[in-house]
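Read-outs throughout are calculated quantities, based only on the coordinates presented, and are distinct from any laboratory measurement. Not measured: the values here are computed from a predicted model. Neighbour counts run over all protein chains shown; Cβ positions are idealised from the backbone, glycine included.
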Amino acid sequence: MKDLKDFIRDVPDFPKKGIIFKDITTLLREPAGLTEAVNQIYEIVKDKGITKVAGIESRGFILGGILAEKLHAGFIPIRKPGKLPSEVYAESYELEYGTDRIEMHVDAINPGDVVLLHDDLLATGGTAQAACKLIEKAGGTIAHISFIIDLTFLNGAEKLSGYEISSLIQYDGE
């Protein structure tokens, strides 16, 4: 089996000049890479009693949905504002310049649900931290937070202190 890093493509100057974007679509398109990533996360979380998997828009939906099926759990989409059709909880978070917000349906989680939160990439940790607040506001317990990639040089894990976190690939610099 190839190292999962071998499936990641670097895209220079995206989304803006000076950024080297870590593109997971090259991992997703290859059955061996996709299967390996899912299986590695599954092995970490399979015995945690997970009842729901929450995926952060949009690339967190991909593995999040597969993991929910594999864990016999429900799936919860955490989305950008205005994308969910029913009553929502909303949480704002800081960006490099300004703020953003994510939302989750109020009835997505039952009190006592044990939740795996999944996203494709951990950068500064703001989005994942906001998602944790949404899940806990709804009465869920976060069993684990998983990522495909952690850009460790951005120290995002610090914002998630106190949670159990895993990432399949780490980059210590751009």
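Looking at the structure I just gave you, is L4 among the hydrophobic types (A, V, I, L, M, F, W, C) and closer than 18 Å to T152 by Cα?
yes
When region 107-145 is examined, which residues are found to be free of Cβ contacts under 8 Å to residues at least 60 places away in the same chain, surrounded by 14 or more Cβ atoms within 10 Å (Cβ to Cβ) and part of a loop (DSSP other than H, G, I, E, B)?
Within region 107-145, A108, I109, A123, T124, G125, A138 meet the criteria.
Residues in region 40-81 that are in a loop (DSSP other than H, G, I, E, B) and either surrounded by 15 or more Cβ atoms within 10 Å (Cβ to Cβ) or more than 10 Å from the chain's Cα centre (by Cα) (or both): how many?
13
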